[in-house]
1. If you go through region A:196-224 one residue at a time, how many are buried (at least 19 other Cβ atoms within 10 Å of the Cβ), under 20 Å from A:Gly248 (Cα atoms) and in contact with a helix residue (DSSP H, G or I) (Cβ under 7 Å, 6 or more places away or on another chain)?
2. Scan region A:298-309 and give yes if some residue there is touching a strand residue (DSSP E or B) at 6+ places or on another chain (Cβ under 7 Å) and assigned to a loop (DSSP other than H, G, I, E, B), otherwise no.
3. Being touching a Phe, Trp or Tyr at 6+ places or on another chain (Cβ under 6 Å), farther than 30 Å from B:Ala329 by Cβ and buried (at least 17 other Cβ atoms within 10 Å of the Cβ) is true for just one of B:Ala231, B:Ala240, B:Ala227, B:Ala271. Which residue is that?
4. Would region B:430-440 turn up any residue that is in a strand (DSSP E or B), at pLDDT 95 or above, within 14 Å of chain A (Cβ to nearest Cβ) and within 23 Å of the chain's Cα centre (by Cα)?
5. Among what's in region A:404-429 and is more than 16 Å from A:Ala451 (Cβ to Cβ) and among the hydroxyl-bearing types (Ser, Thr, Tyr), pick the residue that is farthest from the other protein chains (Cβ to nearest Cβ).
6. Would you be able to say whether some residue in region B:533-540 is out of contact with any Leu (no Cβ under 9 Å at 6 or more places or on another chain) and not in a loop (DSSP other than H, G, I, E, B)?
7. What number of residues within region B:555-606 are closer than 28 Å to A:Arg543 by Cβ, within 7 Å of chain A (Cβ to nearest Cβ) and in a helix (DSSP H, G or I)?
8. Scan region B:547-568 for residues that are surrounded by 24 or more Cβ atoms within 10 Å (Cβ to Cβ) and among the small types (Gly, Ala, Ser) and jot them down.
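The values are calculated or read from the model by the stated rules, or taken from the named source; none is laboratory data. These numbers come from a predicted model, not from an experiment. All Cβ positions, even for glycine, are placed from backbone atoms using ideal geometry, and neighbour counts span all protein chains on display.
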2 protein chains.
Amino acid sequence: MARTLQRDTEAVQQMRELGQQLRVDSIRCSAAANSGHPTSSMSAADLIAVLLARHLRYDISEPRSAHNDHLIFSKGHASPLLYAALKAAGAISDEELLTFRKRGSRIEGHPTPRLPWVDVATGSLGQGLPVGVGIAMAGRFLDRLPYRTWVLCGDSELAEGSMWEAFEHAGWLGLGNLTAIIDVNRLGQRGPTRHGWDTAAYARRCQAFGWHTIEIDGHDVAEIDRAYTEAEETAGQPTAIIARTKKGRGVPEVEDKEGFHGKPLADPSTAIAELGGPRSIRVDLARPPDSQRPHRFSAGQLRLPAYEVGSKEATRTAFGKALAAVGEARPDIVVLDGEVSDSTRTGYFAGAHPERFFECYIAEQQMLAAAVGMQARGWKPYAATFGAFLTRACDFIRMAAVSRASLRVVGSHAGVSIGEDGPSQMALEDLAAFRATHGSTVLYPCDANQAARLTAAMADREGISYLRTTRGSTPVIYGPGEDFPVGGSRTLRSSPGDQVTIVAAGITVHEALSAAERLEAEGIAARVIDAYSVKPIDAVTLRQAAHETGHIVTAEDHWPEGGLGDAVLGALAAGGLPVPPVRKLAVRSMPASATPAEQLADAGIDAAAICSAATALVRGEGG
Amino acid sequence: MARTLQRDTEAVQQMRELGQQLRVDSIRCSAAANSGHPTSSMSAADLIAVLLARHLRYDISEPRSAHNDHLIFSKGHASPLLYAALKAAGAISDEELLTFRKRGSRIEGHPTPRLPWVDVATGSLGQGLPVGVGIAMAGRFLDRLPYRTWVLCGDSELAEGSMWEAFEHAGWLGLGNLTAIIDVNRLGQRGPTRHGWDTAAYARRCQAFGWHTIEIDGHDVAEIDRAYTEAEETAGQPTAIIARTKKGRGVPEVEDKEGFHGKPLADPSTAIAELGGPRSIRVDLARPPDSQRPHRFSAGQLRLPAYEVGSKEATRTAFGKALAAVGEARPDIVVLDGEVSDSTRTGYFAGAHPERFFECYIAEQQMLAAAVGMQARGWKPYAATFGAFLTRACDFIRMAAVSRASLRVVGSHAGVSIGEDGPSQMALEDLAAFRATHGSTVLYPCDANQAARLTAAMADREGISYLRTTRGSTPVIYGPGEDFPVGGSRTLRSSPGDQVTIVAAGITVHEALSAAERLEAEGIAARVIDAYSVKPIDAVTLRQAAHETGHIVTAEDHWPEGGLGDAVLGALAAGGLPVPPVRKLAVRSMPASATPAEQLADAGIDAAAICSAATALVRGEGG
């Protein structure tokens, strides 16, 4: 591969032809779909042609092979180019290519892993490079294999801060196995980009973040080839190839012109003719080196921490200790931190398994993206920060769901109960955000043993699992051997004459138990349900309680919208029967600083508030 | 001010003394609270002392004056230092300082605008600088006044991509009225930062993004003073002052040591003695120049676009045209774009009012932060992008609510109805996210006239308002003169014998109307409610419909969690009476590419699906 192309006229010509074929096929599939982004594909066609023909090492018949290079289209809207490339490589047929954007097709509008050659879904700009950093980290620190990660980026997406989290992290780690190919076609969706064709502006930025940079003409195949070779030969530093290109290259009607983003060509036949007509070049990709086996860490026994009933511990601490224990038993577990491991308690894992612990500093988007990248290589990541700061990475979580990724996300410092630090540090919308994530699991333990078991249960959960932990210590109410199946609940108090059910989770379970005692003293029998599995929620138990007790109070340390109360209402309503009166207690005004107990009282979610709500409901005093 | 301090021994000594006072007061208030971040305050004390004494121009008795400089603590956890500074400037008393972090105090754990000298809440790192960029933009392009914006940043927060969106945007605009003061104390929350004291590493990055940089010893008051003067004298370029400092400076027990983040000092009396004891220096801040009046744009007449009933138009287009019209009538309206103005249709405003239109490129965090900064100066921003990409900025929206900011956010391309582009471009969680934002308003129009009226209604709404628009054309069903109050709804079909109520919003309103016609043919009378105001929702009308019709179907182009269905259930449950059977139709599987009509059918939210759900409910066939 290092052999220079410069004087090799035939090879150069073949590469140019392949580039034209990729353009023609991008136009053809977009024309068949009558939508798509052919012009954004045409700018990068030569970049991808050279990569396929001479640099990408990939066994197309074994897309899950640990040895393959990885190719991510961070500019996911250039999907016609990706599909044209997969056709050229023999992965898909021309017939399938022409199903682009049609119902039922794997050839979706933007790439998703429904195609086995696609690691992760892209289409939300600024995500492919951070995910690529995660794959490159897996290659270097986990799999310890020589595969390379190539990421095709757009110039527009360099405006996204997440890209600079990625440049910073990859530069700092010196990921020589990572190459960003930046397609500087100077035109964004609605007009010129900030820096146009000033490739030097991008190069200065990348260099400042520790990258090796190469500025090239992105339509000169020999220059592209030399740049890829230089990237491959650059050790200890990631490389950014900054390629000046033209959007719509090769078709005068659209080349380097505004107003043609995301549109099929008006006259595809003429355009195809201008590009020299259809071709059927087939590229045999280089096979990856496969002599080394992927590194695997050694496994021990699972010994979850155990807490005595009646003692006190914070669920965040129990999570942290359990995570270290799960890491001991499961060598595929990896942990990512957003520079708060002392607070989330992932520090225990860091101490026990430093080789599988990744400090991502205060860059929550990169943290989540690295987790997505690592799971694409079969690792099982847990990523943790304050629940409040996970709002920084919502788009990454959203796209992880589109990627069918399996991830474990842990948010500490839930709700007003953190106390004095105030609202900027309180997660009050995390249950809503994670419930509204497709295919997610949402868990919210109330005691240390439950937190430990749920931490372990997450390891094998498909999709995106979220664990919500509490800052302060809470009483241990469950024994260490007890099981807490996902989708279950625990009925903590129950008698045949119950007049009201209190549904709680996490910190409010303890308030609910106190409230039930006070209610008993007032002659009201209250059932208490610990809904530790907020999604899926235990609809059967809730419906039975609703039927038997006739009144429901929900109490949650969260805004009223989208959290536990809504989950309970949804489960009851889905039963097809009338829902009894429900009183939803939640945080309704903006908190400030106060002690944890004052916060719970001010928010109206403490034992006293639950008690009054239940009393009013039972006595028919309205909601 | 330009007078050099170097040989002015007395002034230098006073500055040092003021720095020590700020340290002592940071320790005192943290000791009184028994929590807080004194060591992170102590590193920046000299930086703030010099700013107060010789550079900040601020009329402390008129915190809302248009002429004041702005000081933002991007490292919001250094709140003890901010409060110590406010005390030194005579804004608050020593007594109030010592209420730090206590219930009811304005002196909160992290700064919020409950204190009139605080523009915006901080405490989620990486937000203060982007907001400062917004204020500096307001100063230069809107108010056109010479006030300066000073932002105290931490070194840890430079890992956040949002900071680099800010560096990029400010550098590109050449905001000479903006200074970032970077407190490089080398220690983050859980240990050393990536770059430690390598101030040159930060300087290279800032320079690459177009900033003027000055590296200094952050404890040398003369050097600090010279740097501020140089920043003031640097035109056409923002300045980053990169100050090497020591965390916990001045107290040997904690100075430059790990393990003391976010903790009050163990022995405050000794520490205070080591710092020379308490002082009561009072600083008279320089008065801001106030000869110029703030620029104001001229106002015209409001002429909202009008659409004929029976025609078709996309709500995104009606929004765009209405926004341009509102901008004509309201000179305080400003619009921010995330490089998709052709799609969101804010391009109409850009054409009509280019001086009040701000292209933020694909940097949703900076877009929202700039909006927050501009509203802090009294402007009324609308910020728009695809609803899906607003998930990029959730933490900024969360913090905007803590800031009591008034913002209008518009998300286009709602739901599966966008069609072929696929799930990466579909907003399917935006209703959940904006409902779970404190004090928010959530609006979702179904036709062009309604979209236009709601666009206008948002202008004077307090708090965070969200408008959800649809990509494709929908039938115009309301006349141009009709009113749509926030909190209201429209009952589109109703008769005394209704057996079921269909609650819809946006695209599903049209499906609900078709379904009702089909149901009528099958002998089932269905009421149809257009719940265009998703939050606050029209609980009275919904409860009455539930009472009168006995069955409810909700239909929404959104995940099942946290959206319209949950809003309806919440409203019904809050009525204190039993809730009739409810069938919630929503998007339950991951969409792919397909036509808009296929998408609605596949998601089970089209007329046919609504019809079957209603029929099953009325015939008692379960939920």
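1. So the count comes out to 5.
2. Yes, there is a match, as at least one residue in region A:298-309 is touching a strand residue (DSSP E or B) at 6+ places or on another chain (Cβ under 7 Å) and assigned to a loop (DSSP other than H, G, I, E, B).
3. B:Ala240
4. Taking every residue of region B:430-440 in turn, none turns out to be in a strand (DSSP E or B), at pLDDT 95 or above, within 14 Å of chain A (Cβ to nearest Cβ) and within 23 Å of the chain's Cα centre (by Cα).
5. Result: A:Ser406.
6. Yes, region B:533-540 has at least one match.
7. The total comes to 4.
8. B:Ala555, B:Gly562, B:Gly563, B:Gly565, B:Ala567
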